[in-house]
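The block underneath contains the structure these notes are about, expressed in structure tokens.
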């Protein structure tokens with residue numbers, strides 16, 4: 001199985017090396033690492049070009065992160081597609097191998113796992129323990145951590161790409177489409193897949209959190225939920241244990 005890892009960048013020189021090294025260090029080697037750069041003006045591209053594990057890159061203006069990710073999906077050649085944001089890292093060198101094994105043994109259409117949030121000093125500040133997928137839990141705000149979600153390319157061929165009218169919640173909108181499809185099998189890998197650095201679009205300041213909440217409600221309405229505010233409250237309450245589950249890592 002070939003794995004496509006897509007990274008969107010824009011003036012990401014500060015943390016891009018750790019992202020690149022994280023992918024390069026994977027024990028599973030049948031990987032293509034695609035970079036979609038939004039015409040960076042710093043040294044981001046210079047750093048990317050030093051890594052032979054980068055198989056393809058595009059640098060041009062885009063219409064936001066979801067437009068960039070869509071470009072990556074369109075040129076991906078892998079059987080499975082996942083994302084590694086420019087500030088993030090894979091948690092272990094063997095995690096892609098573990099993901100591939102689970103795809104092979106479970107006949108899954110998608111695999112997801114746990115996520116930890118780290119600060120600039122690489123200290124874990126939150127830990128998102130996910131759980132096995134149950135269709136009924138969608139209405140109670142359940143969703144997997146999107147940075148950990150790997151999907152077969154056929155899922156994108158069936159459900160399309162990210163809706164670029166969203167600025168922050170396009171991943172949630174897309175996951176709702178996928179989760180509501182009862183023909184798609186999502187399988188939980190009970191391991192940490194990704195270390196996510198806090199301070200990004202969905203983990204930033206108060207204004208960004210308000211924007212995300214409004215977009216979450218729009219995504220829920222778009223996908224047929226009649227009481228989106230109630231689902232959003234449940235979704236946010238599910239985040240509280242993340243603040244207290246850090247001791248396992």
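The values are calculated or read from the model by the stated rules, or taken from the named source; none is laboratory data. Because the structure is a prediction, the values reported are computed rather than measured. When we count neighbours, we look across all protein chains shown, and the Cβ atoms used for this are built from the backbone with ideal geometry, even at glycine.
Please give the helices (runs of 4 or more DSSP H) falling wholly within the range 139-232 in which 2 or more residues are surrounded by 19 or more Cβ atoms within 10 Å (Cβ to Cβ).
Numbers: elements: 153-159, 170-179, 206-222.
Passing ranges, in order: 170-179, 206-222.
Taken as a whole, the condition of being farther than 24 Å from residue 165 by Cβ, under 20 Å from the mean Cα position of the chain (by Cα) and modelled with pLDDT of 95 or more applies to residue 78.
Can you pull out every residue in the range 240-249 that is exposed (fewer than 14 other Cβ atoms within 10 Å of the Cβ) and either modelled with pLDDT of 95 or more or more than 26 Å from residue 5 (Cβ to Cβ) (or both)? If the condition is that a residue be exposed (fewer than 14 other Cβ atoms within 10 Å of the Cβ) and either modelled with pLDDT of 95 or more or more than 26 Å from residue 5 (Cβ to Cβ) (or both), then 240, 241, 243, 244, 247 are the ones that fit.
Could you please find all residues in the range 123-157 being free of Cβ contacts under 8 Å to residues at least 40 places away in the same chain and over 20 Å from residue 233 (Cβ atoms)? If you could, list the steps in order and put the result at the bottom.
Start the filter on the range 123-157 by keeping residues that are free of Cβ contacts under 8 Å to residues at least 40 places away in the same chain, which leaves 123, 134, 136-137, 157.
Hits for the range 123-157 are 123, 157.
Give the residue that is nearest to the chain's Cα centre (by Cα), with candidates limited to residues of the range 233-244 that are outside any helix (DSSP H, G or I) and within 18 Å of residue 146 (Cα to Cα). Here the answer is 239.
Would you tally the residues in the range 93-108 being touching a residue at least 40 places away in the same chain (Cβ under 8 Å) and more than 16 Å from the chain's Cα centre (by Cα)?
We begin by selecting, within the range 93-108, every residue touching a residue at least 40 places away in the same chain (Cβ under 8 Å); these are 93-100, 102-104, 106-108.
If we keep only those that are more than 16 Å from the chain's Cα centre (by Cα) too, we end up with 93-94, 97-98, 100, 102-104, 106-108.
Final tally of qualifying residues: 11.
Screening residue 72 on (1) part of a loop (DSSP other than H, G, I, E, B); (2) out of contact with any helix residue (DSSP H, G or I) (no Cβ under 9 Å at 6 or more places or on another chain); (3) buried (at least 21 other Cβ atoms within 10 Å of the Cβ) shows it passes everything except condition (1).
In the condition set (1) free of Cβ contacts under 8 Å to residues at least 60 places away in the same chain; (2) assigned to a loop (DSSP other than H, G, I, E, B); (3) in contact with a helix residue (DSSP H, G or I) (Cβ under 9 Å, 6 or more places away or on another chain), residue 77 is compliant with all but (1). Set side by side, the residues 47, 34 differ, and just one is in contact with a helix residue (DSSP H, G or I) (Cβ under 7 Å, 6 or more places away or on another chain) and part of a helix (DSSP H, G or I), which is 47. Of all residues in the range 1-25, those satisfying the criterion of being part of a loop (DSSP other than H, G, I, E, B), farther than 19 Å from residue 98 by Cα and touching a helix residue (DSSP H, G or I) at 6+ places or on another chain (Cβ under 8 Å) are 10, 11, 12, 13. Would a scan of the range 117-128 turn up a residue that is modelled with pLDDT of 95 or more, surrounded by 21 or more Cβ atoms within 10 Å (Cβ to Cβ) and in a loop (DSSP other than H, G, I, E, B)? Checked against the condition, which is being modelled with pLDDT of 95 or more, surrounded by 21 or more Cβ atoms within 10 Å (Cβ to Cβ) and in a loop (DSSP other than H, G, I, E, B), the range 117-128 yields no hits at all. Apart from one condition, residue 65 fits all of (1) out of contact with any strand residue (DSSP E or B) (no Cβ under 8 Å at 6 or more places or on another chain); (2) in contact (Cβ under 8 Å) with a residue 12 or more places away in the chain; the exception is (1).
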